[in-house]
Protein chains: 2
Amino acid sequence: MKPTIKDVAKLANVSISTVSRVMNAPETVVETKRTRVTEAIETLGYRPNSLARGLISRKTGTLGVIIPDIRNSYYADLIRGMEDASKKLGYNLIICNTDSDKNRLISYLNNFYEKQIDGILLTSEPVYPDYYNELKRLKMPLVLVSTHSLEYELPSVKINDEQAAYDAVSYLISSGHKEIGMIGFDLSDSIAGLTRYQGFVRALREYNLEAVKKNIVYIHDWAENGEEAAQKLFQLAPELTAVFAASDELAIGLLSYLHENGISVPERVSVIGFDNIRLSRFTIPKLTTVAQPKYEMGVRSVEKLHRIISGEKDPILREYLPHEVVVRDSVKRR
Amino acid sequence: MKPTIKDVAKLANVSISTVSRVMNAPETVVETKRTRVTEAIETLGYRPNSLARGLISRKTGTLGVIIPDIRNSYYADLIRGMEDASKKLGYNLIICNTDSDKNRLISYLNNFYEKQIDGILLTSEPVYPDYYNELKRLKMPLVLVSTHSLEYELPSVKINDEQAAYDAVSYLISSGHKEIGMIGFDLSDSIAGLTRYQGFVRALREYNLEAVKKNIVYIHDWAENGEEAAQKLFQLAPELTAVFAASDELAIGLLSYLHENGISVPERVSVIGFDNIRLSRFTIPKLTTVAQPKYEMGVRSVEKLHRIISGEKDPILREYLPHEVVVRDSVKRR
DNA sequence: CATCCTTCTGAAAAGGTTTTCAACTTCACA
DNA sequence: TGTGAAGTTGAAAACCTTTTCAGAAGGATG
């Protein structure tokens, strides 16, 4: 049986209040007793029970994270940032994968509520009205990560996806490309899908290349294979000299397809990705891409949530972090 | 203020015992009251407080996972298996990254103890005596994942690393290669380092190729770049026709190095990896590798831990799951 | 010497649930 | 009509802490 505060009290021959004080405000107890208590704690190997503590203090020191899928290395980086920041601020993370399943999400939310989690980090899912209602009902501190909501007043941390996509495509155009295609996520995905498409179109329009905006193939699930999409794209528009892939994983599938079909990169076709995942440095050729500050976003979101939990005033509701085009070898000037 | 069981009781005009029974053993309460209570729960949006529940039941429905780094896609797959199995069995996961730092590990262990976690999943770290003492002191249910201990009687789930490495190298040899090299993890890593090295050596010895076992370069940190190691290796032994990389990430770095230096794969040099990570299907050329059943290992380890927690007899202390050589395009017969 | 402050301490309440126990109803059966 | 069993119910204890409150002890001040 685990030792409790009572056992310590008995061994040190003091009341449990005193033991509690030794742990939480040592300066208020006289030295003789304090050392007696400390020694008792030591010999028993006593550690306070967080459940009891949380019951009374209404704090659990735990944050709940909701992500689509941890296997996606984008989220892995994000979470690592969250974890490091959490450790610093004294939180633990409970991580739940939803596979973008609505029911799973709602079920996890309720689970968080029951567990008396201190706050929620909700990633990537667009905030649909029914989510919002559920969130509102639960009244728990919340930060949206790599997603945001323009309809509702919810705090968020992300990059500007539209601008980032615009910058990627502008980079292709300024490298002399005119026949440009895109592999993107479904437009119903208002974060990674629609916005990046909008950035793509805005860049084209600005350079009077709008005719080209039909050269696009959509993916409906992030785990889907970039190779197939690539095949469809080049069937649709064989004359392409450059492709913007809405994620590095897609870009890697695309690279694979092009290699299989003897189309050299970047000589014949240039490729630009999105996310800057770990392995994009090691593709052949090394992938040019637009980098999201994933780790940093994780850190910031936890700090933001912490501010909300502790009732500090949070200066900015919706935070946008800077992205960056990382130039490597997969785009050629022509 | 969140509604409590008292509020429900008052609204339904019954005692709190009855409310509790409605939730935990509905058949023992008469129908009229039961519906009254259910309705009250509904209108108040009541959800039981897990802290209070856990305090009395001595169960939190939470498992603690200790991993080196979630960004390593190997662990991400593992965790996904754990998560799915946990969901099924009614657990949540608290995930902690140690970066293989001893102090962090110990600190997390104590944190788990305080949080009254139901059990621990400890991955990859070899079990050093001081860990063992700590674990023993805490007396918490534990399963080792993708690591094991031969000194101590601890339950574990992993593959047979030595045999898997042996199979990888045998595959190279049976493909006609004699000049074989290896990029491996430091031998002080008794799981991914030493064992895979031993498998490498056993295969060489069996085919009388032992002279070649000096062709090896060690990596001291998984995040280290495979490219540098590749460079050292080919400086050491330029005549190599095949390389066994102890992880797919290393293999990808190696591929990148070879491409940079105009050494064609698999025509001039063959490469075999280890782990079968997601992206190994998309490298150029597609990577031949030995697959670990990562997801399955995650699932099995949670099931095993669950058995231990519920006091069921667990049939096998140390479980070894089957691996498999996945043949793709990076190894050429000669 | 009386009074007032400080400093230190323990008893008890509170936090929200589950579970035990005793008591009360109801019903079947003799 | 009486007896016992079965079915329901609520009061109270238990789980382990933190915190409030009042009291005791000691010192300083008038």
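Structure above, values below:
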item: Prolate/oblate/rounded label for the stretch A:69-117 (Cα gyration tensor, a/c 1.5); result: oblate
item: Alpha-carbon gyration tensor eigenvalues x 5, square-rooted, for the stretch B:5-48, Å; result: 14, 10, 9
item: Sorted peptide list for B:28-39, A:103-114, criterion being average Cβ within 10 angstrom, highest first; result: A:103-114, B:28-39
item: Cα Rg over Rh - the stretch B:40-173, Kirkwood; result: 1.08
item: Rounded to whole Å, sorted largest first: equivalent-ellipsoid semi-axes of the stretch A:231-334, Cα gyration tensor; result: 37, 12, 11
item: Residue list for the stretch A:148-169, given a label point 7 angstrom along the Cα-to-Cβ vector of residue A:313 and an amide N cut-off under 19 Å; result: A:154-156
item: Phi-based couplings in Hz for the stretch A:270-279 (Karplus 6.51, -1.76, 1.60; Gly and Pro marked x); result: 9, 9, 10, x, 8, 2, 6, 6, 2, 7
item: Cα gyration tensor category, rounded, prolate or oblate, for the stretch A:107-208 with a/c compared to 1.5; result: prolate
item: Average partner coverage of B:49-58, which counts Cβ from other chains inside 10 Å; result: 5
item: Solvent-free Debye scattering, log10 I(q)/I(0), computed from the Cα coordinates of chain B at q = 0.07, 0.11 Å⁻¹; result: -0.40, -0.76
item: Whole-number percent relative contact order across chain A, with pairs defined as alpha carbons under 8 Å at least 6 apart; result: 17 percent
item: Spin-label pair residue B:137/residue A:15, simplified geometry with 7 Å Cα→Cβ offset, distance in nm; result: 3.1 nm
item: Cα-based Rg and Dmax for the stretch A:31-115, where Dmax is the largest Cα-Cα distance (Å); result: 18.3, 58
item: Bins of 10 Å, starting at 0 and running to the largest distance - Cα pair percent for the stretch A:161-292; result: 14, 51, 33, 2
item: Built amide H within the under 5 Å cut-off of residue A:326, gap 5+; result: A:289, A:290, A:291
item: Whole-Hz couplings from phi, Karplus 6.51/-1.76/1.60, listed for the stretch A:150-160; x for Gly and Pro; result: 8, 6, 10, 7, 10, x, 8, 9, 6, 9, 8
item: Percent of C-alpha pairs per 5 Å bin, the stretch B:148-220, short to long; result: 4, 16, 25, 23, 15, 9, 5, 2, 0
item: B:328, A:281, reordered so the largest accessible area comes first (probe 1.4 Å); result: A:281, B:328
item: Heavy-atom SASA rank of A:82, A:23 (probe 1.4 Å, accessible area, largest first); result: A:23, A:82
item: Mean Cα-pair separation over length for the stretch B:161-291, i.e. relative contact order, pairs under 8 Å, 6 or more apart, %; result: 25 percent
item: Volume of the Cα convex hull of the protein assembly as shown, divided per residue and given in Å³; result: 184 Å³
item: Protein-only accessible surface order, largest first, of B:313, A:304, B:10 at 1.4 Å; result: B:313, B:10, A:304
item: Buried accessible area, chains B and A (both chains, 1.4 Å probe, Å² to nearest 100); result: 6000 Å²
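The values are calculated or read from the model by the stated rules, or taken from the named source; none is laboratory data. None of these values were measured; they are calculated from a predicted model. Glycine also receives a Cβ, built like all others from the backbone with ideal geometry; neighbour counts cover every protein chain displayed. Side chains included, ligands, DNA and RNA excluded: accessible areas come from the protein's heavy atoms. Shrake-Rupley method; radii C 1.70, N 1.55, O 1.52, S 1.80 Å.
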